[in-house]
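Report on the following structure.
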Amino acid sequence: MYLATTGRRPDAPPRPAGVGRRVPGTVVALGAVSLVTDVSSEMVTAVLPLYLVLGLGLSPLQFGFLDGLFNGATALVRLLGGRLADRGSGRHRTVAGAGYLLSALSRLGLLMAGGAAGGIAAALAADRLGKGVRTAPRDAMITLSAPPETLGRAFGVHRAMDTTGALLGPLVAFVVLWATADAYDAVFVVSFATGLLGVVVLGLFVPADPSAPPPRAASTRPVPSALPSAGPNAAPGLTGLAGTAARPTADPAFRRVVAAAALLGAATVGDSFLYLLLQRGLDLSAALFPLLPLGAAACYLLLAVPAGRIADRAGRRIPFLLGHGALLAAYLTLLAPSGLPAAVLVLVLLGVFYAATDGVLMALAAPALPAAGRAGGLAVLQTGQALARLVGAAGFGAAWTWWGPRPALVAAALALATALTAAWRILPGRKARR
(Lines give C-alpha, C1' and ligand atoms only; values in the text may rest on other atoms or scores of the structure.)
Protein backbone atom coordinates (compact mmCIF):
# COMPACT_ATOMS: atom_id res chain seq x y z
CA MET A 1 0.00 0.00 0.00
CA TYR A 2 1.08 3.57 -0.59
CA LEU A 3 1.27 5.85 2.44
CA ALA A 4 4.24 8.04 1.65
CA THR A 5 4.13 11.80 1.31
CA THR A 6 4.43 13.10 -2.26
CA GLY A 7 6.12 16.30 -3.34
CA ARG A 8 4.16 19.52 -3.90
CA ARG A 9 4.68 22.38 -6.29
CA PRO A 10 6.10 25.55 -4.66
CA ASP A 11 3.21 27.62 -6.00
CA ALA A 12 0.53 25.37 -4.49
CA PRO A 13 -1.78 27.00 -1.90
CA PRO A 14 -1.21 26.18 1.76
CA ARG A 15 -2.60 22.93 3.06
CA PRO A 16 -4.17 22.46 6.49
CA ALA A 17 -2.12 20.49 8.96
CA GLY A 18 -2.49 16.77 8.54
CA VAL A 19 -4.39 16.93 5.26
CA GLY A 20 -3.05 14.99 2.27
CA ARG A 21 0.09 13.78 4.04
CA ARG A 22 -1.02 10.18 4.04
CA VAL A 23 -3.86 8.08 2.77
CA PRO A 24 -6.72 8.22 5.32
CA GLY A 25 -7.27 5.19 7.53
CA THR A 26 -10.79 4.76 6.16
CA VAL A 27 -9.37 4.28 2.66
CA VAL A 28 -6.88 1.67 3.92
CA ALA A 29 -9.61 -0.16 5.86
CA LEU A 30 -11.88 -0.19 2.82
CA GLY A 31 -8.95 -1.46 0.80
CA ALA A 32 -8.54 -4.35 3.24
CA VAL A 33 -12.24 -5.21 2.88
CA SER A 34 -11.95 -5.11 -0.89
CA LEU A 35 -8.81 -7.25 -0.80
CA VAL A 36 -10.52 -10.03 1.15
CA THR A 37 -13.71 -9.77 -0.89
CA ASP A 38 -11.83 -9.87 -4.18
CA VAL A 39 -10.07 -13.06 -3.14
CA SER A 40 -13.56 -14.51 -2.77
CA SER A 41 -15.03 -13.13 -6.00
CA GLU A 42 -12.01 -13.75 -8.23
CA MET A 43 -11.88 -17.37 -7.15
CA VAL A 44 -15.24 -17.77 -8.84
CA THR A 45 -14.49 -15.47 -11.77
CA ALA A 46 -11.30 -17.38 -12.56
CA VAL A 47 -13.06 -20.74 -12.97
CA LEU A 48 -16.43 -19.53 -14.26
CA PRO A 49 -15.70 -19.46 -18.02
CA LEU A 50 -14.44 -23.06 -18.00
CA TYR A 51 -17.21 -24.18 -15.64
CA LEU A 52 -19.91 -22.76 -17.90
CA VAL A 53 -18.46 -23.25 -21.39
CA LEU A 54 -16.44 -26.45 -21.01
CA GLY A 55 -18.09 -28.01 -17.97
CA LEU A 56 -21.76 -27.26 -18.68
CA GLY A 57 -21.48 -26.84 -22.46
CA LEU A 58 -22.90 -23.33 -22.81
CA SER A 59 -22.50 -21.66 -26.21
CA PRO A 60 -20.58 -18.38 -26.52
CA LEU A 61 -23.92 -16.61 -27.00
CA GLN A 62 -25.31 -18.06 -23.76
CA PHE A 63 -22.08 -17.30 -21.94
CA GLY A 64 -22.11 -13.76 -23.35
CA PHE A 65 -25.59 -13.24 -21.91
CA LEU A 66 -24.61 -14.57 -18.50
CA ASP A 67 -21.34 -12.62 -18.53
CA GLY A 68 -23.26 -9.48 -19.36
CA LEU A 69 -25.66 -10.29 -16.54
CA PHE A 70 -22.67 -10.85 -14.26
CA ASN A 71 -21.45 -7.32 -15.05
CA GLY A 72 -24.55 -5.36 -15.93
CA ALA A 73 -27.58 -6.57 -13.95
CA THR A 74 -26.81 -4.17 -11.14
CA ALA A 75 -28.22 -1.03 -12.76
CA LEU A 76 -31.31 -0.25 -10.70
CA VAL A 77 -29.75 -1.62 -7.51
CA ARG A 78 -26.73 0.67 -7.93
CA LEU A 79 -29.08 3.64 -8.02
CA LEU A 80 -31.01 2.35 -5.03
CA GLY A 81 -27.83 1.71 -3.05
CA GLY A 82 -26.57 5.23 -3.80
CA ARG A 83 -29.85 6.84 -2.77
CA LEU A 84 -30.06 4.86 0.47
CA ALA A 85 -26.45 5.67 1.37
CA ASP A 86 -27.06 9.41 0.91
CA ARG A 87 -30.04 9.54 3.27
CA GLY A 88 -28.16 9.94 6.54
CA SER A 89 -24.89 9.64 8.42
CA GLY A 90 -23.69 6.08 8.90
CA ARG A 91 -25.75 4.75 6.01
CA HIS A 92 -22.76 4.31 3.71
CA ARG A 93 -21.26 1.48 5.75
CA THR A 94 -24.63 -0.19 6.37
CA VAL A 95 -25.60 -0.23 2.70
CA ALA A 96 -22.13 -1.35 1.62
CA GLY A 97 -22.17 -4.14 4.23
CA ALA A 98 -25.48 -5.44 2.89
CA GLY A 99 -23.95 -5.62 -0.57
CA TYR A 100 -20.86 -7.48 0.63
CA LEU A 101 -23.05 -9.98 2.48
CA LEU A 102 -25.27 -10.61 -0.55
CA SER A 103 -22.25 -11.33 -2.72
CA ALA A 104 -20.91 -13.79 -0.16
CA LEU A 105 -24.24 -15.61 0.00
CA SER A 106 -24.34 -15.89 -3.79
CA ARG A 107 -21.51 -18.44 -3.58
CA LEU A 108 -23.90 -20.76 -1.78
CA GLY A 109 -26.31 -20.20 -4.65
CA LEU A 110 -23.71 -21.45 -7.13
CA LEU A 111 -23.08 -24.43 -4.88
CA MET A 112 -26.77 -25.37 -4.74
CA ALA A 113 -27.52 -24.63 -8.40
CA GLY A 114 -25.65 -27.67 -9.69
CA GLY A 115 -25.85 -27.57 -13.48
CA ALA A 116 -29.16 -25.71 -13.70
CA ALA A 117 -28.73 -22.65 -15.91
CA GLY A 118 -31.51 -20.80 -14.09
CA GLY A 119 -29.92 -21.33 -10.70
CA ILE A 120 -26.52 -20.27 -11.98
CA ALA A 121 -27.98 -17.12 -13.54
CA ALA A 122 -29.76 -16.28 -10.28
CA ALA A 123 -26.56 -16.76 -8.26
CA LEU A 124 -24.55 -14.60 -10.66
CA ALA A 125 -27.24 -11.94 -10.55
CA ALA A 126 -27.19 -11.98 -6.74
CA ASP A 127 -23.42 -11.53 -6.73
CA ARG A 128 -23.58 -8.58 -9.11
CA LEU A 129 -26.53 -7.08 -7.23
CA GLY A 130 -24.40 -7.21 -4.10
CA LYS A 131 -21.58 -5.47 -5.91
CA GLY A 132 -24.01 -2.91 -7.25
CA VAL A 133 -25.31 -2.13 -3.78
CA ARG A 134 -21.88 -1.70 -2.22
CA THR A 135 -19.80 0.00 -4.90
CA ALA A 136 -21.23 3.53 -4.84
CA PRO A 137 -21.35 3.81 -1.00
CA ARG A 138 -17.80 2.45 -0.77
CA ASP A 139 -16.43 4.87 -3.37
CA ALA A 140 -18.36 7.71 -1.75
CA MET A 141 -16.70 6.91 1.59
CA ILE A 142 -13.32 7.16 -0.15
CA THR A 143 -14.14 10.57 -1.62
CA LEU A 144 -15.57 11.85 1.69
CA SER A 145 -12.50 10.84 3.68
CA ALA A 146 -9.77 12.09 1.29
CA PRO A 147 -8.97 15.66 0.13
CA PRO A 148 -10.17 16.40 -3.43
CA GLU A 149 -6.66 17.06 -4.72
CA THR A 150 -5.47 13.56 -3.69
CA LEU A 151 -8.45 11.50 -4.82
CA GLY A 152 -6.45 9.87 -7.60
CA ARG A 153 -3.87 8.62 -5.10
CA ALA A 154 -6.55 7.50 -2.63
CA PHE A 155 -8.37 5.52 -5.29
CA GLY A 156 -5.02 4.19 -6.51
CA VAL A 157 -4.22 2.82 -3.05
CA HIS A 158 -7.67 1.31 -2.70
CA ARG A 159 -7.57 -0.25 -6.17
CA ALA A 160 -4.07 -1.59 -5.54
CA MET A 161 -5.27 -3.39 -2.41
CA ASP A 162 -8.39 -4.52 -4.24
CA THR A 163 -6.23 -5.89 -7.04
CA THR A 164 -4.04 -7.73 -4.55
CA GLY A 165 -7.15 -9.74 -3.78
CA ALA A 166 -7.79 -10.19 -7.48
CA LEU A 167 -4.24 -11.49 -7.80
CA LEU A 168 -4.61 -13.92 -4.92
CA GLY A 169 -8.09 -15.16 -5.88
CA PRO A 170 -7.09 -17.15 -9.00
CA LEU A 171 -4.11 -18.57 -7.12
CA VAL A 172 -6.39 -19.84 -4.36
CA ALA A 173 -8.77 -21.26 -6.99
CA PHE A 174 -5.84 -23.01 -8.70
CA VAL A 175 -4.68 -24.53 -5.41
CA VAL A 176 -8.20 -25.65 -4.48
CA LEU A 177 -8.80 -27.25 -7.88
CA TRP A 178 -5.41 -28.95 -7.76
CA ALA A 179 -6.00 -30.27 -4.23
CA THR A 180 -9.54 -31.50 -4.93
CA ALA A 181 -9.08 -32.91 -8.46
CA ASP A 182 -11.05 -30.13 -10.20
CA ALA A 183 -13.94 -30.01 -7.71
CA TYR A 184 -15.66 -26.71 -8.48
CA ASP A 185 -17.90 -27.09 -5.42
CA ALA A 186 -14.86 -26.77 -3.17
CA VAL A 187 -13.98 -23.45 -4.85
CA PHE A 188 -17.47 -22.14 -4.11
CA VAL A 189 -17.28 -23.19 -0.43
CA VAL A 190 -13.91 -21.52 0.13
CA SER A 191 -15.13 -18.43 -1.71
CA PHE A 192 -18.18 -18.20 0.55
CA ALA A 193 -16.11 -18.39 3.74
CA THR A 194 -13.69 -15.74 2.46
CA GLY A 195 -16.55 -13.43 1.52
CA LEU A 196 -17.96 -13.62 5.04
CA LEU A 197 -14.55 -12.63 6.38
CA GLY A 198 -14.73 -9.44 4.31
CA VAL A 199 -18.04 -8.53 5.93
CA VAL A 200 -16.49 -9.00 9.38
CA VAL A 201 -13.52 -6.76 8.49
CA LEU A 202 -15.91 -4.06 7.29
CA GLY A 203 -17.85 -4.09 10.55
CA LEU A 204 -14.76 -4.03 12.75
CA PHE A 205 -12.45 -1.57 11.02
CA VAL A 206 -14.45 0.80 8.79
CA PRO A 207 -16.03 3.73 10.68
CA ALA A 208 -19.76 4.15 10.29
CA ASP A 209 -19.47 7.82 9.37
CA PRO A 210 -16.26 8.71 7.49
CA SER A 211 -15.34 12.30 8.27
CA ALA A 212 -14.64 14.57 5.35
CA PRO A 213 -11.23 16.29 5.33
CA PRO A 214 -11.10 19.91 6.45
CA PRO A 215 -11.46 22.40 3.61
CA ARG A 216 -8.42 23.83 1.91
CA ALA A 217 -7.32 27.37 2.64
CA ALA A 218 -9.17 29.99 0.62
CA SER A 219 -7.77 30.31 -2.87
CA THR A 220 -8.90 31.56 -6.22
CA ARG A 221 -7.14 28.69 -7.96
CA PRO A 222 -9.25 25.65 -8.91
CA VAL A 223 -8.69 22.28 -7.27
CA PRO A 224 -6.42 20.34 -9.63
CA SER A 225 -8.59 17.25 -9.52
CA ALA A 226 -11.85 19.06 -10.18
CA LEU A 227 -13.64 18.49 -13.45
CA PRO A 228 -12.78 21.15 -16.02
CA SER A 229 -15.49 23.49 -17.11
CA ALA A 230 -17.15 22.74 -20.41
CA GLY A 231 -17.30 26.43 -21.33
CA PRO A 232 -17.71 29.91 -19.90
CA ASN A 233 -21.16 29.09 -18.53
CA ALA A 234 -20.34 25.64 -17.21
CA ALA A 235 -21.36 24.72 -13.68
CA PRO A 236 -18.69 25.13 -10.97
CA GLY A 237 -17.01 22.37 -9.04
CA LEU A 238 -17.55 21.19 -5.51
CA THR A 239 -18.06 24.57 -3.88
CA GLY A 240 -20.62 25.84 -6.36
CA LEU A 241 -22.60 22.63 -6.34
CA ALA A 242 -23.56 22.80 -2.67
CA GLY A 243 -27.12 23.67 -3.62
CA THR A 244 -27.57 20.80 -6.06
CA ALA A 245 -27.68 17.97 -3.53
CA ALA A 246 -31.21 17.13 -4.65
CA ARG A 247 -29.92 16.75 -8.21
CA PRO A 248 -26.31 15.59 -7.94
CA THR A 249 -26.07 14.96 -11.68
CA ALA A 250 -26.99 18.52 -12.66
CA ASP A 251 -23.43 19.51 -13.56
CA PRO A 252 -23.04 19.40 -17.38
CA ALA A 253 -19.42 18.29 -17.17
CA PHE A 254 -20.45 15.34 -14.99
CA ARG A 255 -23.06 14.38 -17.57
CA ARG A 256 -20.33 14.39 -20.22
CA VAL A 257 -18.27 11.98 -18.13
CA VAL A 258 -21.29 9.66 -17.81
CA ALA A 259 -21.89 9.76 -21.55
CA ALA A 260 -18.25 9.05 -22.40
CA ALA A 261 -17.99 6.19 -19.88
CA ALA A 262 -21.17 4.57 -21.22
CA LEU A 263 -20.04 4.91 -24.82
CA LEU A 264 -16.68 3.31 -24.10
CA GLY A 265 -18.30 0.62 -21.96
CA ALA A 266 -20.53 -0.47 -24.84
CA ALA A 267 -17.40 -1.11 -26.92
CA THR A 268 -15.66 -3.11 -24.17
CA VAL A 269 -15.36 -6.88 -24.46
CA GLY A 270 -15.67 -8.74 -21.16
CA ASP A 271 -12.40 -9.98 -19.66
CA SER A 272 -13.66 -13.55 -19.69
CA PHE A 273 -13.89 -13.50 -23.48
CA LEU A 274 -10.30 -12.26 -23.71
CA TYR A 275 -9.15 -15.07 -21.44
CA LEU A 276 -11.06 -17.63 -23.52
CA LEU A 277 -9.39 -16.29 -26.67
CA LEU A 278 -5.99 -16.56 -25.01
CA GLN A 279 -6.77 -20.09 -23.86
CA ARG A 280 -7.71 -21.09 -27.41
CA GLY A 281 -4.59 -19.48 -28.87
CA LEU A 282 -2.22 -21.08 -26.36
CA ASP A 283 -4.16 -24.35 -26.05
CA LEU A 284 -3.94 -24.13 -22.26
CA SER A 285 -5.25 -26.93 -20.09
CA ALA A 286 -8.26 -26.35 -17.87
CA ALA A 287 -6.07 -26.52 -14.76
CA LEU A 288 -3.91 -23.61 -15.96
CA PHE A 289 -6.77 -21.40 -17.14
CA PRO A 290 -7.36 -19.73 -13.72
CA LEU A 291 -3.79 -18.39 -13.85
CA LEU A 292 -4.46 -16.15 -16.86
CA PRO A 293 -5.96 -13.24 -14.86
CA LEU A 294 -2.82 -13.10 -12.71
CA GLY A 295 -0.81 -11.24 -15.35
CA ALA A 296 -3.38 -8.49 -15.72
CA ALA A 297 -3.89 -8.27 -11.95
CA ALA A 298 -0.15 -8.01 -11.29
CA CYS A 299 0.24 -5.18 -13.79
CA TYR A 300 -2.81 -3.40 -12.36
CA LEU A 301 -1.38 -3.76 -8.85
CA LEU A 302 1.94 -2.19 -9.86
CA LEU A 303 0.39 0.70 -11.82
CA ALA A 304 -2.71 1.66 -9.81
CA VAL A 305 -1.00 4.10 -7.43
CA PRO A 306 1.35 5.67 -10.04
CA ALA A 307 -1.61 6.12 -12.39
CA GLY A 308 -3.57 7.84 -9.63
CA ARG A 309 -0.69 10.19 -8.83
CA ILE A 310 -0.23 11.08 -12.50
CA ALA A 311 -3.93 11.76 -12.82
CA ASP A 312 -3.85 14.05 -9.75
CA ARG A 313 -0.99 16.07 -11.19
CA ALA A 314 -1.73 16.14 -14.93
CA GLY A 315 -5.51 15.84 -15.06
CA ARG A 316 -7.63 12.71 -15.18
CA ARG A 317 -9.06 12.93 -18.69
CA ILE A 318 -5.92 11.91 -20.60
CA PRO A 319 -5.04 8.82 -18.46
CA PHE A 320 -8.64 7.64 -18.76
CA LEU A 321 -8.56 7.86 -22.55
CA LEU A 322 -5.07 6.37 -22.82
CA GLY A 323 -6.24 3.43 -20.71
CA HIS A 324 -8.88 2.62 -23.30
CA GLY A 325 -6.21 3.00 -25.94
CA ALA A 326 -4.30 0.22 -24.16
CA LEU A 327 -7.43 -1.95 -24.30
CA LEU A 328 -7.69 -1.32 -28.04
CA ALA A 329 -4.06 -2.38 -28.38
CA ALA A 330 -4.92 -5.61 -26.52
CA TYR A 331 -7.67 -6.37 -29.05
CA LEU A 332 -5.28 -5.77 -31.94
CA THR A 333 -2.66 -8.00 -30.33
CA LEU A 334 -5.19 -10.81 -30.08
CA LEU A 335 -5.73 -10.49 -33.83
CA ALA A 336 -1.99 -11.02 -34.45
CA PRO A 337 -0.41 -14.49 -34.56
CA SER A 338 -0.82 -16.15 -31.19
CA GLY A 339 2.03 -17.15 -28.92
CA LEU A 340 3.35 -16.67 -25.42
CA PRO A 341 4.81 -13.16 -26.02
CA ALA A 342 1.52 -11.96 -27.50
CA ALA A 343 -0.41 -13.44 -24.57
CA VAL A 344 1.86 -11.69 -22.05
CA LEU A 345 1.42 -8.40 -23.90
CA VAL A 346 -2.38 -8.77 -23.85
CA LEU A 347 -2.36 -9.32 -20.09
CA VAL A 348 -0.07 -6.34 -19.51
CA LEU A 349 -2.26 -4.09 -21.67
CA LEU A 350 -5.35 -5.26 -19.80
CA GLY A 351 -3.68 -4.33 -16.50
CA VAL A 352 -2.74 -0.90 -17.89
CA PHE A 353 -6.35 -0.41 -18.97
CA TYR A 354 -7.72 -0.98 -15.48
CA ALA A 355 -5.00 1.01 -13.71
CA ALA A 356 -5.65 4.06 -15.90
CA THR A 357 -9.45 3.94 -15.89
CA ASP A 358 -11.06 2.30 -12.86
CA GLY A 359 -10.22 4.57 -9.94
CA VAL A 360 -9.31 7.45 -12.25
CA LEU A 361 -12.90 7.61 -13.53
CA MET A 362 -14.27 7.92 -10.00
CA ALA A 363 -11.70 10.59 -9.15
CA LEU A 364 -12.58 12.42 -12.37
CA ALA A 365 -16.29 12.56 -11.58
CA ALA A 366 -16.40 12.95 -7.79
CA PRO A 367 -15.31 16.62 -7.46
CA ALA A 368 -18.33 17.71 -9.52
CA LEU A 369 -20.75 16.05 -7.08
CA PRO A 370 -21.96 17.53 -3.78
CA ALA A 371 -21.08 15.59 -0.65
CA ALA A 372 -24.75 15.04 0.19
CA GLY A 373 -25.35 13.38 -3.17
CA ARG A 374 -21.96 11.78 -3.76
CA ALA A 375 -23.03 8.13 -3.56
CA GLY A 376 -26.09 8.71 -5.74
CA GLY A 377 -24.10 10.55 -8.39
CA LEU A 378 -21.40 7.89 -8.54
CA ALA A 379 -24.15 5.26 -8.74
CA VAL A 380 -25.52 6.98 -11.86
CA LEU A 381 -22.06 6.88 -13.44
CA GLN A 382 -21.48 3.25 -12.51
CA THR A 383 -24.95 2.25 -13.68
CA GLY A 384 -24.47 3.79 -17.11
CA GLN A 385 -21.15 2.02 -17.47
CA ALA A 386 -22.55 -1.33 -16.26
CA LEU A 387 -25.52 -1.24 -18.63
CA ALA A 388 -23.24 -0.35 -21.52
CA ARG A 389 -20.94 -3.26 -20.71
CA LEU A 390 -23.97 -5.57 -20.60
CA VAL A 391 -24.74 -4.54 -24.18
CA GLY A 392 -21.10 -4.97 -25.17
CA ALA A 393 -20.73 -8.45 -23.67
CA ALA A 394 -23.99 -9.73 -25.13
CA GLY A 395 -23.16 -8.23 -28.52
CA PHE A 396 -19.71 -9.80 -28.63
CA GLY A 397 -21.11 -13.18 -27.57
CA ALA A 398 -23.68 -13.00 -30.37
CA ALA A 399 -21.04 -11.95 -32.92
CA TRP A 400 -18.77 -14.83 -31.83
CA THR A 401 -21.64 -17.32 -32.19
CA TRP A 402 -22.73 -16.08 -35.62
CA TRP A 403 -19.44 -15.01 -37.23
CA GLY A 404 -16.69 -16.71 -35.26
CA PRO A 405 -14.17 -15.27 -32.76
CA ARG A 406 -11.88 -13.43 -35.19
CA PRO A 407 -14.54 -11.40 -37.07
CA ALA A 408 -16.19 -10.62 -33.73
CA LEU A 409 -12.91 -9.27 -32.37
CA VAL A 410 -12.36 -7.16 -35.50
CA ALA A 411 -15.82 -5.63 -35.00
CA ALA A 412 -15.04 -4.99 -31.32
CA ALA A 413 -11.77 -3.23 -32.18
CA LEU A 414 -13.50 -0.99 -34.73
CA ALA A 415 -16.25 -0.18 -32.24
CA LEU A 416 -13.75 0.72 -29.51
CA ALA A 417 -11.70 2.90 -31.86
CA THR A 418 -14.86 4.78 -32.86
CA ALA A 419 -15.99 5.15 -29.25
CA LEU A 420 -12.55 6.37 -28.20
CA THR A 421 -12.60 9.07 -30.88
CA ALA A 422 -16.06 10.20 -29.78
CA ALA A 423 -15.12 10.14 -26.08
CA TRP A 424 -12.11 12.37 -26.81
CA ARG A 425 -14.56 15.03 -28.00
CA ILE A 426 -17.22 14.42 -25.35
CA LEU A 427 -15.07 14.52 -22.22
CA PRO A 428 -14.52 18.05 -20.92
CA GLY A 429 -10.90 19.11 -21.22
CA ARG A 430 -8.57 21.58 -19.59
CA LYS A 431 -4.99 22.67 -19.90
CA ALA A 432 -2.65 21.07 -17.42
CA ARG A 433 -1.61 23.36 -14.57
CA ARG A 434 2.00 24.45 -14.56
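The values are calculated or read from the model by the stated rules, or taken from the named source; none is laboratory data. Owing to the predicted nature of the structure, the values given are computational and were not obtained by experimental measurement. Positions of Cβ are generated from backbone atoms using ideal geometry, with glycine treated the same way; all protein chains shown enter the neighbour counts.
A few comments on the model shown:
- Failed item in (1) assigned to a helix (DSSP H, G or I); (2) over 26 Å from THR135 (Cα atoms); (3) without any contact (Cβ under 8 Å) to a residue 40 or more places away in the chain, with ALA343 passing the rest: (3)
- Condition met for ALA85 (modelled with pLDDT under 70 and either out of contact with any Leu (no Cβ under 8 Å at 6 or more places or on another chain) or within 15 Å of ALA125 (Cα to Cα) (or both)): no
- Test result for LEU332, touching a residue at least 40 places away in the same chain (Cβ under 8 Å), of a type in the set (A, V, I, L, M, F, W, C), part of a helix (DSSP H, G or I) and surrounded by fewer than 18 Cβ atoms within 10 Å (Cβ to Cβ): yes
- Residue within region 396-411 that is of a type outside the set (Ser, Thr, Tyr) and either touching a Pro at 6+ places or on another chain (Cβ under 6 Å) or under 29 Å from ALA146 (Cβ atoms) (or both) present: yes
- Filter pass, GLY308 being in a helix (DSSP H, G or I) and either β-branched (Val, Ile, Thr) or surrounded by fewer than 22 Cβ atoms within 10 Å (Cβ to Cβ) (or both): no
- Every condition in (1) outside any helix (DSSP H, G or I); (2) surrounded by 22 or more Cβ atoms within 10 Å (Cβ to Cβ); (3) not aliphatic (A, V, I, L, M) is met by PRO137 except one, and the failing one is (1).
- Answer from LEU177, LEU197, LEU204, LEU238 - the residue that is more than 23 Å from the chain's Cα centre (by Cα) and at pLDDT 90 or above: LEU204
- Flag if VAL23 is among the β-branched types (Val, Ile, Thr), surrounded by 13 or more Cβ atoms within 10 Å (Cβ to Cβ), assigned to a loop (DSSP other than H, G, I, E, B) and modelled with pLDDT of 70 or more: yes
- When region 35-60 is limited to residues that are modelled with pLDDT under 75 and touching a Gly at 6+ places or on another chain (Cβ under 7 Å), the one that is surrounded by the fewest Cβ atoms within 10 Å (Cβ to Cβ) turns out to be LEU56.
- Residue count, region 147-166 (criterion: hydroxyl-bearing (Ser, Thr, Tyr), within 16 Å of ALA32 (Cα to Cα) and buried (at least 24 other Cβ atoms within 10 Å of the Cβ)): 1
To keep it simple, each residue is scored yes or no on (1) charged (D, E, K, R); (2) within 24 Å of the chain's Cα centre (by Cα); (3) modelled with pLDDT under 80; (4) surrounded by 24 or more Cβ atoms within 10 Å (Cβ to Cβ).
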| position | (1), (2), (3), (4) |
| --- | --- |
| SER106 | no, yes, no, yes |
| GLY109 | no, yes, no, no |
| ALA113 | no, no, yes, no |
| ALA117 | no, no, yes, no |
| ILE120 | no, yes, yes, no |
| ALA123 | no, yes, no, no |
| LEU129 | no, yes, no, no |
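Matching residues to (1) at pLDDT below 90; (2) in a helix (DSSP H, G or I); (3) among the acidic types (Asp, Glu):
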| site | (1), (2), (3) |
| --- | --- |
| LEU361 | no, yes, no |
| PRO367 | yes, yes, no |
| ARG374 | yes, yes, no |
| ARG389 | yes, yes, no |
| ALA393 | yes, yes, no |
| TRP424 | no, yes, no |
| ARG434 | yes, no, no |
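- Qualifying residue in region 171-185 (condition: crowded, with 24+ Cβ neighbours inside 10 Å, touching a Pro at 6+ places or on another chain (Cβ under 8 Å) and within 17 Å of VAL201 (Cβ to Cβ)): no
- Against the list (1) part of a loop (DSSP other than H, G, I, E, B); (2) over 16 Å from GLN385 (Cβ atoms); (3) not acidic (Asp, Glu), the condition THR268 fails is (2).
- Of all residues making up region 403-422, the number that are assigned to a helix (DSSP H, G or I) and free of Cβ contacts under 8 Å to residues at least 12 places away in the same chain: 4
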